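One structure is given here, and the rest of the page talks about it.
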Amino acid sequence: VIKVIAGPEKRSRVIPEMERKLTAYHEAGHAVVIHALPDHDPVHQITIVPRGQAGGMTIFLPEEDRAYRSKAYMIVSALGGRIAEQLFLDDISTGASSDIQRATAIARKMVGTYGMSEKLGNVAFDAGTDEVFIGKSMGHTRPYSEKTAAEMDEEIRAIIDSAYDQCRRILTANREQLVSVAEYLLVHETMDAETFESYFTGGQASEER
(Lines give C-alpha, C1' and ligand atoms only; values in the text may rest on other atoms or scores of the structure.)
Protein backbone atom coordinates (compact mmCIF):
# COMPACT_ATOMS: atom_id res chain seq x y z
CA VAL A 1 0.00 0.00 0.00
CA ILE A 2 2.81 2.40 0.91
CA LYS A 3 4.58 1.66 -2.37
CA VAL A 4 1.43 2.43 -4.35
CA ILE A 5 0.68 5.65 -2.47
CA ALA A 6 4.19 7.11 -2.14
CA GLY A 7 6.22 5.28 -4.78
CA PRO A 8 9.16 2.86 -4.54
CA GLU A 9 12.06 3.40 -2.18
CA LYS A 10 14.99 5.39 -3.58
CA ARG A 11 17.82 3.65 -1.74
CA SER A 12 20.27 4.32 -4.56
CA ARG A 13 20.04 8.08 -3.99
CA VAL A 14 23.03 9.56 -2.16
CA ILE A 15 21.68 11.85 0.57
CA PRO A 16 23.91 14.41 2.35
CA GLU A 17 24.18 13.75 6.08
CA MET A 18 22.69 17.13 7.02
CA GLU A 19 19.65 16.38 4.86
CA ARG A 20 19.25 12.97 6.54
CA LYS A 21 19.41 14.64 9.95
CA LEU A 22 16.80 17.24 8.99
CA THR A 23 14.51 14.50 7.71
CA ALA A 24 14.99 12.37 10.84
CA TYR A 25 14.10 15.21 13.22
CA HIS A 26 11.27 16.35 10.94
CA GLU A 27 9.61 12.92 10.92
CA ALA A 28 10.31 12.38 14.63
CA GLY A 29 8.54 15.69 15.29
CA HIS A 30 5.43 14.53 13.43
CA ALA A 31 5.42 11.20 15.27
CA VAL A 32 5.85 12.61 18.78
CA VAL A 33 3.07 15.17 18.28
CA ILE A 34 0.73 12.54 16.86
CA HIS A 35 1.45 10.33 19.88
CA ALA A 36 0.71 13.15 22.33
CA LEU A 37 -2.60 14.23 20.84
CA PRO A 38 -5.68 12.53 22.32
CA ASP A 39 -7.87 10.54 19.92
CA HIS A 40 -5.31 10.75 17.09
CA ASP A 41 -4.66 7.64 15.03
CA PRO A 42 -1.52 5.84 16.34
CA VAL A 43 1.85 5.93 14.59
CA HIS A 44 2.34 2.84 12.41
CA GLN A 45 5.77 3.48 10.89
CA ILE A 46 8.40 6.21 10.56
CA THR A 47 11.02 6.21 7.81
CA ILE A 48 13.64 8.49 6.35
CA VAL A 49 14.05 6.37 3.23
CA PRO A 50 12.95 8.64 0.33
CA ARG A 51 9.95 7.64 -1.78
CA GLY A 52 8.69 9.61 -4.75
CA GLN A 53 8.88 13.31 -3.86
CA ALA A 54 9.01 12.60 -0.11
CA GLY A 55 12.30 12.54 1.79
CA GLY A 56 10.65 10.59 4.60
CA MET A 57 7.24 9.58 5.95
CA THR A 58 5.36 9.25 9.22
CA ILE A 59 2.49 6.84 8.70
CA PHE A 60 -0.43 6.61 11.12
CA LEU A 61 -3.29 4.15 10.80
CA PRO A 62 -6.77 4.25 12.35
CA GLU A 63 -7.75 1.66 14.91
CA GLU A 64 -11.43 2.15 14.09
CA ASP A 65 -13.64 3.68 11.42
CA ARG A 66 -14.18 7.37 11.99
CA ALA A 67 -16.61 9.69 10.27
CA TYR A 68 -15.35 12.76 12.13
CA ARG A 69 -12.00 13.97 13.46
CA SER A 70 -10.64 17.09 15.11
CA LYS A 71 -9.41 19.49 12.45
CA ALA A 72 -7.48 21.42 15.10
CA TYR A 73 -5.44 18.32 15.99
CA MET A 74 -4.75 17.71 12.31
CA ILE A 75 -3.17 21.15 12.06
CA VAL A 76 -1.06 20.60 15.18
CA SER A 77 0.28 17.27 13.88
CA ALA A 78 1.01 18.78 10.46
CA LEU A 79 3.26 21.40 12.05
CA GLY A 80 5.30 18.89 14.07
CA GLY A 81 8.04 18.44 11.48
CA ARG A 82 8.70 22.12 10.85
CA ILE A 83 8.79 23.03 14.53
CA ALA A 84 11.10 20.09 15.33
CA GLU A 85 13.56 21.42 12.74
CA GLN A 86 13.46 24.85 14.36
CA LEU A 87 13.76 23.63 17.95
CA PHE A 88 16.45 20.99 17.56
CA LEU A 89 18.46 22.00 14.49
CA ASP A 90 17.87 25.76 14.40
CA ASP A 91 16.99 25.41 10.73
CA ILE A 92 13.97 25.11 8.42
CA SER A 93 13.96 23.02 5.26
CA THR A 94 11.80 23.35 2.17
CA GLY A 95 10.50 19.87 2.99
CA ALA A 96 8.07 21.46 5.45
CA SER A 97 6.32 23.49 2.72
CA SER A 98 3.68 20.83 2.00
CA ASP A 99 2.93 20.59 5.73
CA ILE A 100 2.36 24.35 5.92
CA GLN A 101 0.10 24.21 2.86
CA ARG A 102 -1.92 21.36 4.38
CA ALA A 103 -2.26 23.11 7.75
CA THR A 104 -3.36 26.34 6.07
CA ALA A 105 -5.89 24.52 3.90
CA ILE A 106 -7.42 22.83 6.97
CA ALA A 107 -7.59 26.14 8.85
CA ARG A 108 -9.26 27.78 5.85
CA LYS A 109 -11.86 24.99 5.78
CA MET A 110 -12.46 25.38 9.51
CA VAL A 111 -13.25 29.07 9.04
CA GLY A 112 -14.90 29.07 5.61
CA THR A 113 -16.72 25.73 5.49
CA TYR A 114 -17.15 24.15 8.92
CA GLY A 115 -18.22 27.24 10.88
CA MET A 116 -15.54 26.71 13.54
CA SER A 117 -14.72 30.38 14.02
CA GLU A 118 -16.21 31.96 17.14
CA LYS A 119 -15.73 35.41 15.63
CA LEU A 120 -17.45 34.69 12.30
CA GLY A 121 -20.08 32.29 13.58
CA ASN A 122 -21.80 29.28 12.02
CA VAL A 123 -21.60 30.39 8.41
CA ALA A 124 -20.22 28.46 5.39
CA PHE A 125 -18.69 31.23 3.29
CA ASP A 126 -17.38 29.00 0.52
CA ALA A 127 -20.28 26.52 0.61
CA GLY A 128 -17.71 23.72 0.77
CA THR A 129 -16.68 23.95 -2.88
CA ASP A 130 -13.12 23.53 -4.14
CA GLU A 131 -12.15 25.20 -7.39
CA VAL A 132 -10.59 22.57 -9.65
CA PHE A 133 -10.05 24.55 -12.84
CA ILE A 134 -7.92 27.69 -12.90
CA GLY A 135 -10.31 29.47 -15.24
CA LYS A 136 -13.24 28.82 -12.95
CA SER A 137 -11.28 30.07 -9.95
CA MET A 138 -10.27 33.29 -11.70
CA GLY A 139 -13.84 34.02 -12.77
CA HIS A 140 -15.39 33.15 -9.42
CA THR A 141 -16.92 35.99 -7.38
CA ARG A 142 -16.63 35.67 -3.64
CA PRO A 143 -20.02 35.65 -1.90
CA TYR A 144 -18.74 37.85 0.94
CA SER A 145 -17.25 41.30 1.43
CA GLU A 146 -13.62 42.41 1.58
CA LYS A 147 -14.12 43.09 5.28
CA THR A 148 -15.25 39.52 5.85
CA ALA A 149 -12.33 38.23 3.77
CA ALA A 150 -9.91 40.17 5.98
CA GLU A 151 -11.57 38.79 9.13
CA MET A 152 -11.30 35.26 7.71
CA ASP A 153 -7.58 35.77 7.07
CA GLU A 154 -7.13 36.93 10.68
CA GLU A 155 -9.00 33.90 12.00
CA ILE A 156 -6.96 31.50 9.84
CA ARG A 157 -3.72 33.03 11.11
CA ALA A 158 -4.98 32.84 14.70
CA ILE A 159 -5.79 29.12 14.31
CA ILE A 160 -2.36 28.40 12.82
CA ASP A 161 -0.60 30.43 15.54
CA SER A 162 -2.52 28.62 18.30
CA ALA A 163 -1.69 25.21 16.77
CA TYR A 164 1.96 26.27 16.45
CA ASP A 165 2.16 27.17 20.14
CA GLN A 166 0.53 23.88 21.20
CA CYS A 167 2.85 21.88 18.96
CA ARG A 168 5.91 23.67 20.30
CA ARG A 169 4.86 22.92 23.90
CA ILE A 170 4.39 19.22 23.09
CA LEU A 171 7.81 18.88 21.45
CA THR A 172 9.53 20.80 24.25
CA ALA A 173 7.90 18.57 26.87
CA ASN A 174 8.95 15.43 24.95
CA ARG A 175 12.42 16.57 23.94
CA GLU A 176 14.17 13.40 25.16
CA GLN A 177 11.87 11.05 23.25
CA LEU A 178 12.09 13.10 20.05
CA VAL A 179 15.89 13.10 20.06
CA SER A 180 15.95 9.35 20.74
CA VAL A 181 13.55 8.63 17.86
CA ALA A 182 15.51 10.85 15.46
CA GLU A 183 18.84 9.25 16.40
CA TYR A 184 17.32 5.78 15.93
CA LEU A 185 16.15 6.77 12.45
CA LEU A 186 19.61 8.02 11.53
CA VAL A 187 21.01 4.57 12.30
CA HIS A 188 18.18 2.25 11.20
CA GLU A 189 16.26 4.50 8.74
CA THR A 190 12.89 2.91 9.59
CA MET A 191 11.09 2.51 12.92
CA ASP A 192 8.04 0.33 13.51
CA ALA A 193 5.16 1.07 15.88
CA GLU A 194 6.36 -1.23 18.66
CA THR A 195 9.83 0.32 18.76
CA PHE A 196 8.35 3.82 18.70
CA GLU A 197 5.98 3.06 21.58
CA SER A 198 8.87 1.68 23.64
CA TYR A 199 10.26 5.20 24.00
CA PHE A 200 7.10 6.20 25.86
CA THR A 201 6.89 3.20 28.20
CA GLY A 202 5.63 4.28 31.59
CA GLY A 203 3.47 7.11 30.31
CA GLN A 204 2.02 8.81 27.30
CA ALA A 205 3.76 11.60 25.46
CA SER A 206 3.22 14.77 27.45
CA GLU A 207 0.91 17.50 26.18
CA GLU A 208 1.58 20.66 28.14
CA ARG A 209 -1.14 23.27 27.81
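The values are calculated or read from the model by the stated rules, or taken from the named source; none is laboratory data. Worth saying up front: this structure is predicted, and the values here are computed from it rather than measured. Methodologically, a virtual Cβ is constructed for each residue, glycine included, from the backbone with ideal geometry; neighbour enumeration extends over all protein chains shown. For accessibility, only protein heavy atoms count, side chains too; no ligands or nucleic acids. Shrake-Rupley method; radii C 1.70, N 1.55, O 1.52, S 1.80 Å.
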* List the number of the failed condition for residue 190; all other conditions in (1) open to solvent by less than 60 Å² (accessible area, probe 1.4 Å); (2) more than 21 Å from the chain's Cα centre (by Cα); (3) modelled with pLDDT of 90 or more; (4) of a type in the set (Ser, Thr, Tyr) hold. => (2)
* To do: Would you be able to say whether some residue in the range 164-173 is of a type in the set (Val, Ile, Thr), at pLDDT 90 or above, part of a helix (DSSP H, G or I) and open to solvent by 60 Å² or more (accessible area, probe 1.4 Å)?
  => yes
* **Matching residues, the range 88-102, being out of contact with any Asp or Glu (no Cβ under 7 Å at 6 or more places or on another chain) and modelled with pLDDT of 75 or more** => 88, 89, 90, 97, 98, 99, 100, 101, 102
* Asked: Here are some residues: 72, 105. Which one is modelled with pLDDT under 90, small (Gly, Ala, Ser) and either open to solvent by 40 Å² or more (accessible area, probe 1.4 Å) or under 16 Å from residue 168 (Cβ atoms) (or both)?
  -> 72
